[in-house]
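Let me begin by presenting the structure, written as structure tokens, before commenting on it.
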Amino acid sequence: MARIKRGSLVALAGFALSLPLLTACGPPPPPRNVVYVRTAPPRALREVLTVRPADDHYWIAGHHVWNGNDYTWFPGHWERRPNRRARWVSGHWYRGRAGWYWAEGHWK
């Protein structure tokens, strides 16, 4: 059995403990022409999914949209995957220094 030097073991443990910090996903940079909103968006509404139109469709959840004066609900919908391996990355409201901003969902 191979022996591991103590210094190597400490370095390996330090790397293993820092791995979650290195791979953690923070908010994406704000998109160009972003609109900041001072008030936080309301909680997402509960939606009832309708019947899936076909196996190649994916449910895109609804979300609140800022209309310039207040939040309005944009309902969820089924969308056809662009290809078999496509994965949907949901849009999300993020809190930045200047307020809340929306990052659109997209296929990956």
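Quick notes on this one:
- Pair Ser90, Thr50: separation of 7 Å Cα→Cβ label points (nm): 2.1 nm
- Accessible surface, 1.4 Å probe, highest first, among residues Tyr101, Tyr36, Tyr94: Tyr36, Tyr94, Tyr101
The values are calculated or read from the model by the stated rules, or taken from the named source; none is laboratory data. Keep in mind the model is a prediction, meaning the values are calculated, not measured. FYI the Cβ positions are ideal-geometry reconstructions off the backbone, even for glycines, and counts take in every protein chain you see. SASA here: full protein model, heavy atoms, side chains in, ligands and nucleic acids out. Shrake-Rupley method; radii C 1.70, N 1.55, O 1.52, S 1.80 Å.
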